[in-house]
Amino acid sequence: MRIAKVTGMIVRIRLRKEFRHASYRRNWSDNFIVRCQLEDGTVGWGEGVPRTYVTGESPESALHQLAVTDLRSQIGAKCLTWKEVLDVCSAYRPHVETDDPRGCMANAHRCALELSVLDAYGRLFEQSLRRVVEWLPESAGIRRHCARVQYSTAINSGKIGKEILSSLAMRIYGFSHCKIKVGMNPELDPQRLRSIRRWIGNTMDLRVDANEAWTVDEVIRRIQALGPFNLSAVEQPVPHAGVACLARVRRNVKTAIMLDESLTGQEDAQRAIDEGLCDLFNIRISKCGGFLSSIRLAAVAHNAGLGYQLGCHPGESAILSAAGRHFATSIGGVHYCEGSADGHLLKDHFAQRPLTFGYGGWANAIDGFGLGIHVDQRKMSPLIQKSNTFAIS
């Protein structure tokens with residue numbers, strides 16, 4: 001069975017409230033969504049969330065890459081088994097019309113196309129996306145199967161009163177892990193953390209995300225100032241250009257260092273390991289180039305003795321939420337899970353099955369074929385900003 005055609009779309013999804021951190025603010029998300037149709041009419045869906053300040057991509061560049069890539073030669077092969085499907089996805093290299101030294105400027109594009117192909121063939125084979133994990137040799141040391149997963153929550157930068165209410169709500173709702181955005185007003189962050197820790201409780205696992213906000217010269221001081229609040233990790237404390245300083249930072253602070261914007265693929269991962277830059281990887285499926293590459297990054301971290309979390313992009317629809325759920329219920333050793341908050345964050349929905357986590361952040365594994373969700377194209381249609389269809393076979 002071959003792929004007959006793929007359709008790339010830029011879909012604008014509105015957020016319920018403005019999302020703010022030190023690198024950006026937004027109240028909507030333009031996502032790159034791919035619809036893959038096989039010769040027999042079977043349809044699969046994939047999604048990527050291009051962020052220019054993370055991987056250098058835009059939704060427009062992701063869509064353009066479909067037009068300038070020789071799709072027939074790259075994804076036109078007949079596939080009868082999962083191995084053949086995975087071989088096609090792993091070998092796929094979209095054309096990038098600029099220098100790409102880190103190999104990340106098509107990651108959201110690759111993620112969307114790959115997920116659509118995996119979803120389509122999963123439906124054809126009548127098997128869940130979780131079966132894909134069993135076909136990846138790299139996953140041998142980290143595979144697991146669990147019936148449910150607990151997601152983390154987050155508190156963004158805001159007024160003290162709202163942060164107190166959020167802290168109480170997270171505590172009452174039974175979460176175990178919470179990430180706090182810092183760096184927008186660095187001098188106020190210790191005061192914020194003191195208040196949040198008081199109201200959220202001493203048993204909550206707290207970590208912070210600076211989103212590249214601190215300079216190389218101040219990063220140690222900033223982390224040490226937050227030391228009294230018993231933080232488990234600091235995520236991306238400096239811009240990627242200054243990431244080399246983190247080897248020295250790790251020798252001077254007790255809090256674990258996590259890479260995010262500086263962890264987009266194998267090149268970044270190997271550098272982090274070789275130079276001793278971090279304790280944890282933040283693996284976001286879109287940022288890291290897809291489901292398969294994300295599993296491989298988890299295996300790299302595991303083999304190097306590092307930890308990893310499953311991250312997400314604000315604005316992810318149920319398509320990426322489903323992919324994340326399959327990852328979280330198939331891969332062991334995940335320190336924190338982010339995502340599946342679409343019911344709380346998004347105004348626009350086009351999946352019939354809600355994937356939002358429940359009390360305490362708990363959510364069940366997904367049954368069904370492929371991603372295990374149904375996309376309502378009538379609900380998606382008004383959200384489409386641009387689209388283009390390409391025949392393959």
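We did not get these values from a lab; they are worked out from the coordinates using the rules stated. These figures come from a predicted structure and were not determined experimentally. Methodologically, a virtual Cβ is constructed for each residue, glycine included, from the backbone with ideal geometry; neighbour enumeration extends over all protein chains shown.
Overview of values
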{"item": "The stretch 137-364 - Debye-derived log10 I(q)/I(0), Cα point model, q = 0.11, 0.13 Å⁻¹", "result": "-0.54, -0.76"}
{"item": "Lys/Arg +1, Asp/Glu -1 at C-beta; the stretch 34-161 dipole; positive extreme among Leu115, Val88, Leu129", "result": "Leu129"}
{"item": "Cα-based equivalent ellipsoid of the stretch 198-242: semi-axis lengths in Å, sorted from largest, via gyration tensor", "result": "23, 11, 7"}
{"item": "For the chain, built as a Gaussian network whose Cα springs stay under 10 Å, the top-fluctuating residue of Pro228, Pro94, Pro314", "result": "Pro228"}
{"item": "Cβ-based charge dipole, the chain, positive-most Cα from Thr69, Ala351, Ile319", "result": "Ala351"}
{"item": "Estimated [θ] at 222 nm from DSSP helical runs (n ≥ 4, -39500 (n - 2.57)) normalised by residues in the chain, nearest 500", "result": "-9500 deg cm²/dmol"}
{"item": "Only Lys, Arg (+1) and Asp, Glu (-1) charged, at Cβ; the chain dipole about Cα centre in debye", "result": "1200"}
{"item": "Candidates Leu165, Leu306, Leu320: whichever shows maximal mean-square fluctuation once the chain is modelled as a Gaussian network with Cα springs under 10 Å", "result": "Leu165"}
{"item": "Under-5 Å amide H pairs with Lys386, H placed in peptide plane, nonlocal only", "result": "Ile10"}
{"item": "Pairs beyond 22 Å (Cα-Cα), from Lys181/Lys386; Lys162/Lys254; Lys181/Lys254; Lys179/Lys254; Lys78/Lys386; Lys162/Lys379", "result": "Lys181/Lys386; Lys162/Lys254; Lys78/Lys386; Lys162/Lys379"}
{"item": "Dipole in debye (nearest 20) - the stretch 137-364, about Cα centre, beta carbon charges: Lys, Arg +1; Asp, Glu -1", "result": "740"}
{"item": "Student exercise, the stretch 240-364 dipole from Lys, Arg, Asp, Glu Cβ charges, in Debye to nearest 20", "result": "200"}
{"item": "Neighbour cut-off at most 15 other Cβ (10 Å), DSSP loop, chymotrypsin sites (Phe, Trp or Tyr not before Pro), the stretch 5-80", "result": "Tyr24, Tyr53"}
{"item": "Order of Asp119, Asp87, Asp268 under a 10 Å beta carbon neighbour criterion, fewest first", "result": "Asp87, Asp268, Asp119"}
{"item": "Considering only the stretch 137-364, percent of DSSP beta bridges that pair antiparallel, nearest 5", "result": "15"}
{"item": "Residues whose placed amide H lies under 5 Å from that of Ile180, excluding near-sequence neighbours", "result": "Ile155, Arg207, Val208, Asp209"}
{"item": "Between 0 and 90°, nearest 10: helix 59-68 axis offset from the chain longest Cα axis", "result": "30"}
{"item": "Options Met170, Cys337, Met258, ranked by Cα towards positive dipole end of the stretch 137-364, top entry (Cβ charges)", "result": "Met170"}
{"item": "Among beta bridges that DSSP assigns inside the chain, antiparallel share in %, nearest 5", "result": "55"}
{"item": "Residue of Ser73, Ser90, Ser232 that the Gaussian network model of the chain assigns the largest fluctuation, springs spanning Cα pairs under 10 Å", "result": "Ser73"}
